[in-house]
Amino acid sequence: MTRITDDLRTYVSALLERGEVNVVEREVDPRFELAAVISRSQKESDRPILFKNVRGSDFPVIANVYGSLPRMAEILGTDEAGLNTRWNERLETAASCTDYSREVPMPADMQSGKISDLPHIHYREKDAAPYITTGVFLAMDPETGVPNLSFSRCMMAGDDLNMACCIDAPHDLAKYQAKAEKRGEALEVAILIGAPPPVFLAAVASLAPEEDELQLAAHIAGGTIDMRPSRCLSFMIPAATEIVIEAKIRPNERTQDGPFGEYQGYYCDVNNGAYILDILDVSWRGDAFFEGLLCGSREDLALLAVSWGARIERGLKSALPSVLDVTISAAPNACIVRIDKQYEDHARDVIDAVFRSKPQYNRMCIVVDKDIDIQDLKQVWWSFLTRGALDKRVYSYPDLGGLPGENYEYTGYLGIDATMSLSSPLERATTPGENEINLRDYVV
Ligand SMILES: Cc1cc2nc3c(=O)[nH]c(=O)nc-3n(C[C@H](O)[C@H](O)[C@H](O)COP(=O)(O)O)c2cc1C
């Protein structure tokens with residue numbers, strides 16, 4: 001471990017020292033109260049929140065570490081402006097990170113227990129049960145041995161022996177499970193809670209099935225990742241992980257999970273295809289903390305934005321001129337693209353290119369001029385409302401279809417050109433000095 005961001009507890013300590021964490025000393029109820037505090041805190045700031053006293057469990061809970069693009073940039077070793085570029089560069093060059101795994105012994109202060117020892121966080125009113133939302137699943141391809149990292153919500157149904165988890169069909173983990181199931185075997189998984197930040201970020205990436213996502217994690221971390229033996233599985237585990245659940249996904253059997261308040265801010269239906277996790281072992285480092293994440297919150301969207309936004313930006317920059325940057329974290333399901341407009345149909349070409357690339361879950365593309373802050377939706381709408389005929393700059397894409405299993409009534413695709421015409425440019429009214437003055441020098 002070489003950088004403060006390579007181990008979650010070291011990073012949280014550094015953020016505490018910098019005075020950048022909201023610390024909750026009083027006892028909170030894991031049933032709704034903890035999530036309500038996360039939600040309120042996120043409305044006011046993007047600071048992480050550390051709950052020191054969670055009723056019914058000895059573990060403190062940290063949340064919202066990833067709820068800010070600057071912190072994600074820090075983990076990637078860059079600044080916010082360079083986030084997408086750095087992410088794409090790490091993805092493209094991950095294979096060059098060879099001999100990335102350094103074997104270390106089991107930490108001496110390792111402890112073990114049961115699922116019921118962990119905080120049981122009930123996030124939303126109609127969630128079927130408490131859920132683990134930050135579990136990074138580490139699994140090996142049963143045929144090739146290639147490691148994969150991904151997320152899957154786990155329903156804590158009140159039993160120490162098994163949990164239900166939801167893995168969407170397109171994900172590599174579902175493919176690994178299908179391969180194991182075909183052989184009649186259970187798939188071994190390690191569920192990492194409080195994973196080292198580079199591992200957490202690598203889990204949002206979708207690499208090709210033959211590409212190693214642990215290698216990507218090591219590449220994000222600067223070259224190596226410490227791996228310790230597991231207690232029951234046939235593979236090693238990132239040693240800096242706070243809490244590890246070792247389990248097997250049962251073959252040829254499914255159960256139910258949900259309803260659950262999902263990332264779009266609505267409850268998903270009961271999922272009849274949930275997988276059954278047989279729990280083999282639960283272990284944690286001394287003084288471990290648990291990690292919480294409110295699905296549908298800014299933290300959830302910021303994580304998805306890193307992965308999907310960077311992918312869209314890479315595709316656009318290789319296809320079209322003068323694409324400056326892309327964000328998908330300003331609004332759910334929308335990507336906003338900033339261009340240095342070169343010709344009248346430039347924005348329309350960008351919108352076409354975004355939708356041609358079949359961006360997962362991305363329903364709307366808004367293109368703005370280079371003077372607009374794409375993180376500020378007020379500016380984005382102002383530019384659309386003031387820079388041309390509203391009815392002539394909205395394009396619908398009725399024939400693109402939805403994702404498998406999706407209710408198409410709630411989808412659809414829309415493009416908005418919010419740029420001004422090159423032939424009749426508008427000049428923005430500005431006041432010299434307005435960006436430079438410090439208001440505290442004037443108003444006491
Ligand atoms: C916080 C968070 C929670 C997620 N939960 C789930 C989930 O419960 N089920 C799922 O299939 N995908 C979930 N995802 C999405 C995938 O795990 C993620 O996109 C991952 O990249 C898929 O990996 P793969 O492309 O290597 O298969 C979640 C993503 C995040 C950021």
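Just name the residue that is farthest from Ala94 (Cα to Cα) out of those in the range 164-175 that are more than 6 Å from the ligand (Cβ to nearest atom) and at pLDDT below 95. Explain how you work it out, then say what you get.
Step one: list which residues in the range 164-175 are more than 6 Å from the ligand (Cβ to nearest atom), which gives 164-165, 169-170, 174-175.
Of the ones still in play, those that are also at pLDDT below 95 are 169-170.
On the way: Ala169: 25, Pro170: 22 Å.
Checking each candidate, the answer is Ala169.
Do we find a residue being touching a Cys at 6+ places or on another chain (Cβ under 6 Å), surrounded by 18 or more Cβ atoms within 10 Å (Cβ to Cβ) and part of a helix (DSSP H, G or I) anywhere in the range 198-216? Yes, that holds for at least one residue. Against the test of being over 17 Å from Glu80 (Cβ atoms), more than 16 Å from the ligand (Cβ to nearest atom) and crowded, with 20+ Cβ neighbours inside 10 Å, the options Cys365, Cys295 yield a single qualifying residue, Cys365. Could you tell me whether the range 192-212 includes any residue that is of a type in the set (Phe, Trp, Tyr), assigned by TED's automatic domain parsing to the domain that holds Leu8 and over 15 Å from the mean Cα position of the chain (by Cα)? Within the range 192-212 (the criterion being of a type in the set (Phe, Trp, Tyr), assigned by TED's automatic domain parsing to the domain that holds Leu8 and over 15 Å from the mean Cα position of the chain (by Cα)), the answer is no, since none of the residues qualifies.
Given the criterion within 10 Å of the ligand (Cβ to nearest atom) and touching a Leu at 6+ places or on another chain (Cβ under 6 Å), identify the matching residue among Glu246, Glu213.
Glu213
Against the conditions (1) closer than 21 Å to Leu173 by Cα; (2) in contact with a helix residue (DSSP H, G or I) (Cβ under 6 Å, 6 or more places away or on another chain); (3) surrounded by fewer than 19 Cβ atoms within 10 Å (Cβ to Cβ), Thr224 satisfies every one except (1). Which condition from (1) among the acidic types (Asp, Glu); (2) surrounded by fewer than 18 Cβ atoms within 10 Å (Cβ to Cβ); (3) modelled with pLDDT of 95 or more is the one that Glu80 breaks? Among (1) among the acidic types (Asp, Glu); (2) surrounded by fewer than 18 Cβ atoms within 10 Å (Cβ to Cβ); (3) modelled with pLDDT of 95 or more, the lone unmet condition for Glu80 is (3).
Here's the yes/no breakdown for (1) in contact with a Pro (Cβ under 8 Å, 6 or more places away or on another chain); (2) within 13 Å of the ligand (Cβ to nearest atom); (3) assigned by TED's automatic domain parsing to the domain that holds Gly261:
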| site | (1), (2), (3) |
| --- | --- |
| Thr93 | no, no, yes |
| Val104 | no, no, yes |
| Pro119 | yes, no, yes |
| Ala139 | yes, yes, yes |
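Selection over the range 368-396 of residues that are within 16 Å of Gly415 (Cβ to Cβ), acidic (Asp, Glu) and surrounded by fewer than 17 Cβ atoms within 10 Å (Cβ to Cβ) gives a count of 1. Of the strands (runs of 3 or more DSSP E) contained entirely in the range 261-377, those carrying at least 2 residues that are outside the structural domain of Val204 (by TED's automatic domain parsing) fall at 323-327, 334-339, 364-368.
When the residues of the range 145-163 are filtered to those that are part of a loop (DSSP other than H, G, I, E, B) and under 23 Å from the mean Cα position of the chain (by Cα), the one that is farthest from the ligand (Cβ to nearest atom) is Met156. Taking the range 268-282 as the region of interest, how many residues are farther than 30 Å from Met110 by Cα and surrounded by fewer than 16 Cβ atoms within 10 Å (Cβ to Cβ)? The number of residues fulfilling the criteria is 4.
The values are calculated or read from the model by the stated rules, or taken from the named source; none is laboratory data. Owing to the predicted nature of the structure, the values given are computational and were not obtained by experimental measurement. Heads up, the Cβs are rebuilt from the backbone with ideal geometry, glycines too, and the neighbour counts pull from every protein chain shown.
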